[in-house]
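Asker: Got a structure for you, written out below as structure tokens; questions coming shortly.
The values are calculated or read from the model by the stated rules, or taken from the named source; none is laboratory data. Model, not experiment: these values are computed from the prediction. Note: ideal-geometry Cβ built from the backbone for every residue, glycine included; neighbour counts use all protein chains shown. Calculation scope for accessible area: heavy atoms of the full protein, side chains included, ligands and nucleic acids excluded. Shrake-Rupley method; radii C 1.70, N 1.55, O 1.52, S 1.80 Å.
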Amino acid sequence: MALDGIVWWHWWVAGLVFLTLEAVLPGAVFLWMGVSAAVVGLLALIVPALGWKAEFIIFGVLAIAAVLAWRRWRPDAPAADQPTLNRRGQSYVGRQFTLSEPLVNGIGTLRVDDSQWRISGAGDMPAGAQVRVVAADGATLRVERL
């Protein structure tokens, strides 16, 4: 059979292929398959009479165990120190402002720091009214009167 010709360095080549796939398709699955293939290659070098069936079984068990262990014990992603960095509107929720222009039919604009925001709220509000941002919906800030 053609698989009888598998030797230790074939496993190392397979490991390199898996590691290359990991570089192209990240997700840490191919990483552990590459490590498992390298370990099987080392075993095949140490015990040359192992046989290709045993090598494939060891590879499968090692790969599955390594992936499952990594998923169980991988470190959690660190908490962001600026959770609203790319959601600028969310950073304004809870802040209070004074309207420089009136809110007409529930729609208006609000100058916040160095930018102009579209705002929506319940009904009409005169210029000078105090409002609080209660939500951000895309590029529109929802406000309520204080």
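Asker: Which net charge results for the neighbourhood of Arg145, defined as the other residues with beta-carbon distances under 13 angstrom from its beta-carbon, given Lys and Arg at +1 and Asp and Glu at -1?
Answerer: 0
Asker: So if each residue of separation counts as 0.36 nm, and I subtract the Cα-Cα distance between Ala122 and Arg88, what length gain in nm does that give?
Answerer: 10.0 nm is the gain from fully extending Ala122 to Arg88.
Asker: For the chain, with every protein chain kept in place, what is the accessible area per residue (1.4 Å probe, Å²)? Spell out each step's value before the answer.
Answerer: On the way: 9610 Å² over 146 residues.
Each residue of the chain exposes 66 Å² on average to a 1.4 Å probe.
Asker: Taking 0.36 nm per residue of separation and subtracting the Cα-Cα distance, what length does fully extending Asn105 through Ala129 add?
Answerer: 7.1 nm
Asker: Please determine, in degrees from 0 to 90 and to the nearest 10, the orientation of helix 52-73 with respect to the longest principal axis defined by the Cα atoms of the chain, where the helix direction is its Cα long axis.
Answerer: 30 degrees
Asker: So, one more: Output the relative contact order of the range 1-42, whole-number percent, from Cα pairs under 8 angstrom with separation of 6+ residues.
Answerer: Across the range 1-42, relative contact order equals 49 percent.
Asker: Across the range 12-21, in residue order, what do the Karplus-derived ³J(HN,Hα) couplings come to in whole Hz, using 6.51 cos²θ - 1.76 cosθ + 1.60 with θ = phi - 60° and x for Gly and Pro?
Answerer: Per residue, the Karplus-derived 3J(HN,Hα) values read 5, 5, 4, x, 5, 5, 5, 5, 5, 4 Hz.
Asker: What is the percent of Cα-Cα separations in the range 1-132 that go past 27 Å?
Answerer: When every Cα pair of the range 1-132 is considered, 54 percent fall beyond 27 Å.
Asker: Sticking with this structure for a sec: Per the helix-only calculation at 222 nm, which mean residue ellipticity applies to the chain, given -39500 (n - 2.57) for every DSSP H run of n ≥ 4 and division by its residues, nearest 500 deg cm²/dmol?
Answerer: Counting only the DSSP helices, I get -13500 deg cm²/dmol.
Asker: By how many degrees, between 0 and 90 and to the nearest 10, does the Cα long axis of helix 29-46 differ from the longest principal axis of the chain?
Answerer: Tilt relative to the chain: about 20 degrees.
Asker: Which value, in Å² and to the nearest 10, is the accessible area of Arg118 when all protein chains are kept and the probe is 1.4 Å?
Answerer: We get 120 Å² for Arg118.
Asker: In what order, largest first, do Trp117, Trp52, Trp12 sit by accessible area if the probe radius is 1.4 Å?
Answerer: Largest accessible area first, the residues go Trp12, Trp52, Trp117.
Asker: For Val7 and Ala139, calculate 0.36 nm times their separation in residues minus their Cα-Cα distance, and state this gained length in nm to one decimal.
Answerer: 41.4 nm
Asker: Which order do peptides 56-68, 26-38 fall in by mean Cβ count within 10 Å, highest first?
Answerer: Going from most to least packed, we get 26-38, 56-68.
Asker: List the relative contact order of the range 1-109 as a percent without decimals, with contacts defined as Cα pairs under 8 Å and 6+ residues apart. Could you put the intermediate results ahead of the total?
Answerer: Working: 74 pairs, mean separation 24.0, N = 109.
Once normalised by length, the contact order is 22 percent.
Asker: At 1.4 Å probe size, with the rest of the protein present, what percent of the exposed accessible area of the chain is carbon and sulfur atoms?
Answerer: Of the solvent-accessible surface of the chain, carbon and sulfur hold 63 percent.
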